[in-house]
Amino acid sequence: MSIRAGRWWLIAALCLALAGCAQSDDAAVRAVGEARSAVVVARTATRLLLDDRSTAPYTQVVLSDALDAVAEAGQGLREASEDDRERTALARRVLWDAEAAIDDLADAGAAGLDAAALHRLDTTVRQLDAALVELRR
């Protein structure tokens, strides 16, 4: 897969995910949902790289884009109301953890990714899923 084709795939996946998240009125749910979508795309790119079905430059671009998307999702929490302090704090914590995980992997470089990196992304997705369940209560 070329980097250009991969970027279009990433953009399409994020657009679909954002469209689904946009239906939510809750800024915390929307932000965590957007971050989850970006981390899932990064996890998929990492899995493809480890299976030798992708290139390191493509994966590095995806990790960089995912990092930007998670950071932008965190900016969306500015819309959170003052009444939702606990929910906003939970969302900020999991977004910070997700951003830190992707940042560490991006800093290590795509060539340095291994099964432990994939496991870390899997764990991050599970944490975001748990936060979404909690926020939707």
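What follows is calculated from the coordinates using simple rules that are stated; it is not laboratory data. These numbers come from a predicted model, not from an experiment. Because the Cβ atoms are built from the backbone with ideal geometry, glycine has one as well, and the counts that use them run over all protein chains shown.
The packing ranking of peptides 68-76, 90-98, highest mean first, is 90-98, 68-76, where packing means the average number of other beta carbon atoms within 10 angstrom of each residue. Protection proxy ranking for 100-106, 58-64, using the average of other Cβ atoms within 10 Å per residue and placing the highest first: 58-64, 100-106.
Given their separation in residues at 0.36 nm each and the Cα-Cα distance between them, D103 and D51 gain 16.5 nm when the chain is fully extended.
Dividing the convex hull volume of the alpha carbon atoms of region 42-135 by its residue count gives 79 Å³ per residue.
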